[in-house]
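Presented below is the structure to which this report refers.
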Amino acid sequence: MKIKPWIEAMRLRTLPVSAAGVIAAAGCAAHYGSFKPVPWTICLIFAVMAQIVSNFANEYFDFRNGLDRKGREGFRRGVTEGDISPNAMRNATFGLLAATCAVGCSLICWGGWWLILVGIAIALFAIAYSAGPYPLSHHGLGDIAVVIFFGIVPVVMTTYLQTGSWDMLQVTLPVSIAVGLIGTNVLIVNNYRDMNEDKAVGKRTTVVIFGRKKMSKVYLINGFIALLLIEYATIATVPVLWQLGMLVYINIHYLLWMSLKNGSGKQLNPLLGKTAMLMLFVSVWLLASLSIR
C-alpha cells in the first residue's frame, strides 16, 4: 500500500483549521485560570481526527457521486486518480470515524453524558458535509457549517470541558465566531479555485451561487469582523503591546486577499495553506495573550 496518497487525502495543509479552535480554547481556559492539559489534549486529537474523517468522506463521496475529475485544479485526489480504491477509502472513513467517536467518549469524564449529543452532531457533520440526501457543501451551507464546527463548537466546548462553567462565554463566544470566520476563509479559497469545476457538475458552493467577486469581498470582510470580535473579547485584558499581534494579522490578511483577487486555478493552492496558517497564528496569539495574568 502506498502511503503518499493517504497523506495527501488527509490534506495536511488544512489541518491547522481543526487545531486552531482547540488552541484558542486553551487561551480562553487559561484566562479563567482553568487550563487542564489532559482534556485539552484529547479535544485536540479528537478535532484533528474528525477533520481527517471529513476529508476522507469528501474524497470518497465526491468520487462516488461523479463530482471529481482527473487532473483537477485542486490537490490530487487519490481515489479519483486511481491511487486508492473506493472501498479502501470508504472503510478508512468509517473506521476512523469509529475511532474518533471512541476518543470523544473519553471526554464524558469531564463533561458528562450529555456530550454524546455533541459528539453525534460532530460525527453527522463530518459525513453530511459531503454525503447524505442534502450534502452541506453542495448547497452553499459549508461556510456556515465551518463557523459552527470549526469555530463555535471547538472553542466553546473545549473551554467548557476545562472550566466546567458557562460563565466564560463573554470572552469565548466572540473568539469562537472569529476563529470560525477565518476558517470559512479557507473554504472560500478552496471553492474560489474550484468554481468552474463545481459549477460544471452541479455543486452549488457559495462561490458558485454568488460568484468570485462577491465571495472575495466576503473573504476580506470575514477577516475584519474576526479582528473586531477578537478586540472586543481581549481589549480590556490583553496588554497594548500584545495587541500588535492583531496588527500583524490584519496586514497579512489583506495581502492574502490581494492574492485571492489576482489568482486563479492552481495558483491558489499555496493561498489555501497560507490562510489556514494565518488561522493557526491567530489561535496561538490568543493562547499566548489570554494566558497573561
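Among the residues making up region 251-268, those that are in contact (Cβ under 8 Å) with a residue 24 or more places away in the chain and open to solvent by 20 Å² or more (accessible area, probe 1.4 Å) are Ile252, Tyr254, Trp257, Lys261, Ser264, Lys266.
Within region 47-61, the residues that satisfy the criterion of being touching a Ser or Thr at 6+ places or on another chain (Cβ under 7 Å) and closer than 19 Å to Asn91 by Cα are Val48, Met49, Ala50, Gln51, Val53, Phe56, Ala57, Asn58, Tyr60, Phe61. If you go through region 106-120 and keep only what is open to solvent by less than 40 Å² (accessible area, probe 1.4 Å) and in a helix (DSSP H, G or I), you end up with Ile108, Gly111, Leu115, Val118, Gly119. When Cys43 is tested against (1) out of contact with any Pro (no Cβ under 9 Å at 6 or more places or on another chain); (2) buried (at least 23 other Cβ atoms within 10 Å of the Cβ), only condition (1) is not met.
Summed over region 217-235, the residues that are open to solvent by less than 10 Å² (accessible area, probe 1.4 Å) and hydroxyl-bearing (Ser, Thr, Tyr) give a count of 2. One residue stands out in region 129-159 among those that are assigned to a loop (DSSP other than H, G, I, E, B) and in contact with a Phe, Trp or Tyr (Cβ under 6 Å, 6 or more places away or on another chain): the one that is surrounded by the most Cβ atoms within 10 Å (Cβ to Cβ), namely Ser130. Exactly one residue out of Tyr160, Tyr134, Tyr129 is over 30 Å from Gly202 (Cβ atoms) and among the hydroxyl-bearing types (Ser, Thr, Tyr): that is Tyr160.
Within region 53-66, track down each residue that is under 19 Å from Ala102 (Cα atoms) and open to solvent by 20 Å² or more (accessible area, probe 1.4 Å). Of everything in region 53-66, nothing turns out to be under 19 Å from Ala102 (Cα atoms) and open to solvent by 20 Å² or more (accessible area, probe 1.4 Å). Can you confirm whether region 6-25 contains a residue that is polar (S, T, N, Q), in contact (Cβ under 8 Å) with a residue 60 or more places away in the chain, under 18 Å from Pro86 (Cβ atoms) and buried (at least 20 other Cβ atoms within 10 Å of the Cβ)? Scanning region 6-25, I find no residue that is polar (S, T, N, Q), in contact (Cβ under 8 Å) with a residue 60 or more places away in the chain, under 18 Å from Pro86 (Cβ atoms) and buried (at least 20 other Cβ atoms within 10 Å of the Cβ), so the answer is no.
Against the list (1) under 28 Å from Met195 (Cα atoms); (2) surrounded by 15 or more Cβ atoms within 10 Å (Cβ to Cβ); (3) aliphatic (A, V, I, L, M), the condition Leu287 fails is (1). In the condition set (1) outside any loop (DSSP other than H, G, I, E, B); (2) open to solvent by less than 30 Å² (accessible area, probe 1.4 Å); (3) over 30 Å from Leu228 (Cα atoms), Val103 is compliant with all but (2). Every listed requirement among (1) over 18 Å from the mean Cα position of the chain (by Cα); (2) open to solvent by less than 70 Å² (accessible area, probe 1.4 Å) is met by Val186 save one, (1).
The values are calculated or read from the model by the stated rules, or taken from the named source; none is laboratory data. The structure displayed is predicted, hence computed values, not measured ones. Neighbour counts are summed over all protein chains in view; Cβ atoms, including those assigned to glycine, are modelled from backbone coordinates with ideal geometry. The area values use the complete protein model at the heavy-atom level, side chains included, leaving out ligands, DNA and RNA. Shrake-Rupley method; radii C 1.70, N 1.55, O 1.52, S 1.80 Å.
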